[in-house]
Amino acid sequence: MSSTVAESPTGSSSFANLVRGQDVAISCRTTGEAAGETGSEDWEAVSRSLEGRTAWEILEWAVGRFGDRLTMATAFGPEGCVLIHMLANVAPKTRVFNLDTGYQFAETLAMRERIRARYGIEVEWVRPETSVEEYEAGHPRPLYETDPDRCCRDRKILPLKRAIQGYDAWITAIRADQSPDRARARLVGPDPKFGLIKINPLLHWTRRDVWAFVVSNQVPYNPLHDRGYTSIGCWPCTRPAHDPNDERSGRWAGQAKTECGLHSLDSSRL
Ligand code: SF4
């Protein structure tokens, strides 16, 4: 994937035709009107047609295809920040949001201002209906200890389902080499769990690709990564990685749980 990482706006063959600013708004309205026509599309064929394209080009395609009915979720991981960097060039008005469970690290929360300062992109907080205090009040112990699947459902999945109302597609920052479920993902395809088309521009990137891009483009990143946290979620469920070969080994450490449910294929694992 090194050729993909090395790509820049000027290196993409079609970037000369990129829509920006006012042009983006016009493009969004036009494509947004047609964006509902996703049900009969052969997404396997679409995804295959995007194989070999750079992440920049896949984003450019997504903006052209879905316009203002395209959104992106980010946990401010390095992959998400890479995509925000690209969106700032391709379509800076794209709505980007963070699922703020109430349990995020202070360093993660601070990323929002760093992204705004660097790119002028205001990442929207999407929050559960209850505060942490209200949520924990009804339980003798926090649910992240006793029933983390339910906690993820209440504080991530349900807020996400509300946040995507009115959208046709979402961009995610998953990589195929992060987990078995993610390895089965496509560059583009239906996400039946959320009723959206899911776009994964970094699917074929490696961790090394991501960090090479971050360093060479001075993309802001969460300082916890410099303290051994290779994958960062909520503080109660995140530790520094204990397995150097598994960057997600610090997530729900000691439990069978490996995903919060956003990217697992099994709906029962919400
Ligand atoms: Fe709750 Fe942990 Fe899931 Fe965050 S990662 S929503 S704290 S169970």
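Bear in mind these aren't lab numbers, they're just calculated from the coordinates by the rules spelled out. Just so it is clear, the structure is predicted and the values come from calculations on it, not from any experiment. FYI the Cβ positions are ideal-geometry reconstructions off the backbone, even for glycines, and counts take in every protein chain you see.
In the range 222-235, how many residues are surrounded by 15 or more Cβ atoms within 10 Å (Cβ to Cβ) and either within 13 Å of the ligand (Cβ to nearest atom) or farther than 21 Å from residue 179 by Cβ (or both)?
5
Restricting attention to the range 45-67, which residues are touching a Ser or Thr at 6+ places or on another chain (Cβ under 8 Å) and not β-branched (Val, Ile, Thr)?
55, 56, 57, 60, 64, 65, 66, 67
For residue 173, indicate whether it is surrounded by 15 or more Cβ atoms within 10 Å (Cβ to Cβ) and more than 30 Å from residue 244 (Cα to Cα).
no
Out of the residues in the range 154-188 that are of a type in the set (Lys, Arg) and in contact with a Cys (Cβ under 9 Å, 6 or more places away or on another chain), state the one that is farthest from residue 207 (Cα to Cα).
155
Quick one: which residue in 177, 181, 209, 149 is out of contact with any strand residue (DSSP E or B) (no Cβ under 7 Å at 6 or more places or on another chain) and within 23 Å of residue 111 (Cα to Cα)?
209 is the lone residue from the list that is out of contact with any strand residue (DSSP E or B) (no Cβ under 7 Å at 6 or more places or on another chain) and within 23 Å of residue 111 (Cα to Cα).
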